[in-house]
Amino acid sequence: MIFLITLSYTPCKRKIFFILRHVGFYYYLWLRRRYFRSEKIKIDLVFLSLIRIFAHMKDSVLILSGGMDSTTLLYDMRERIALAVSFNYGSNHNAKEIPFARWHCEQLGIRHIVIELGFMHQYFKSSLLEGADAIPEGQYADDNITSTVVPFRNGIMLSIAAGIAESNGLKYVMMANHGGDHTVYPDCRPAFVEAMSAATKAGTFPGIEVLAPYTNISKIDIAKKGKALGIDYSKTWSCYKGGDEPCGKCATCIEREEALREAGIIVN
């Protein structure tokens, strides 16, 4: 028992812990009856310690871009996130975002990997993949902002992340879509999240599920969460143009600046 309590938690032990979590209670009752009749209080304390370990097990993969939303979710759910994955799909701003994603994972001691999706840049149509000059300026409400949609991007990333989760003995995939994304991006809407979660649950042995806790809140709400968590948003990137400095004119820059202002956050 003491050996189990002091085990360091590593990916190769997840399956062992997963099994123990389900059978451990019945094993405990057997041990209690068989060997610990005179020391029930002592074994009860050991069992409570095991419960605390299992309650804080990391069970999730996070899709982490390095932007405001997913970085906030990284800190918000850090006790559950075993692995963060960033995807380089050839967007204008991937090169700015991914180093920030790596930096935040290093601060939290969370494993971070980058997966190349070069085929999306080669075969998909989106202004996000065509250089800074192709990015429209203005609010998300404007009709031309739909050109920034990368077709089924989140569906592809969630599918890969579900495979990574199953391969690492994890149970959930997290994404950081929010309420402001619904109008423009079909793969950020509640119906999409529910459908993808149903698909990953049906298509994997452990029943991997998609968790999207920010689906029905705004970016302002996310910024307020980040402020409470003490996140340094200067080490995140949002601008779709991907230059040396944020343009301040594209929809994501405008939305970011509004959210930070409303949350009372000053980013130098």
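Quick one: is G243 touching a helix residue (DSSP H, G or I) at 6+ places or on another chain (Cβ under 9 Å), at pLDDT 95 or above and exposed (fewer than 15 other Cβ atoms within 10 Å of the Cβ)? Spelling it out, it is not the case that G243 is touching a helix residue (DSSP H, G or I) at 6+ places or on another chain (Cβ under 9 Å), at pLDDT 95 or above and exposed (fewer than 15 other Cβ atoms within 10 Å of the Cβ). Taken over region 198-221, the criterion of being under 13 Å from K171 (Cα atoms) and acidic (D, E) is satisfied by E209 alone. Does T200 qualify as being within 17 Å of the chain's Cα centre (by Cα), polar (S, T, N, Q), modelled with pLDDT of 95 or more and within 30 Å of G264 (Cα to Cα)? It is false that T200 is within 17 Å of the chain's Cα centre (by Cα), polar (S, T, N, Q), modelled with pLDDT of 95 or more and within 30 Å of G264 (Cα to Cα).
Pairing residues of region 173-199 that are free of Cβ contacts under 8 Å to residues at least 24 places away in the same chain with residues that are assigned to a helix (DSSP H, G or I) and open to solvent by less than 50 Å² (accessible area, probe 1.4 Å), at Cβ distances under 6 Å and at least 6 apart in sequence or on separate chains, gives D181/C188. Restricting attention to region 135-162, the residues that are touching a residue at least 24 places away in the same chain (Cβ under 8 Å) and in a helix (DSSP H, G or I) total 13. Within the set K171, K219, K241, the sole residue that is more than 17 Å from S65 (Cβ to Cβ) and among the basic types (K, R) turns out to be K171. For S167, the test of being of a type outside the set (D, E, K, R), within 25 Å of K241 (Cβ to Cβ) and either in contact with a Pro (Cβ under 8 Å, 6 or more places away or on another chain) or open to solvent by 60 Å² or more (accessible area, probe 1.4 Å) (or both) is failed. Among the conditions (1) in contact (Cβ under 8 Å) with a residue 40 or more places away in the chain; (2) touching a strand residue (DSSP E or B) at 6+ places or on another chain (Cβ under 6 Å); (3) of a type outside the set (S, T, Y), E166 misses just one, which is (2).
The values are calculated or read from the model by the stated rules, or taken from the named source; none is laboratory data. As the structure is a computational prediction, the values presented were derived from the model and not from experiment. Methodologically, a virtual Cβ is constructed for each residue, glycine included, from the backbone with ideal geometry; neighbour enumeration extends over all protein chains shown. Protein only, heavy atoms only, side chains kept; ligands, DNA and RNA dropped before computing areas. Shrake-Rupley method; radii C 1.70, N 1.55, O 1.52, S 1.80 Å.
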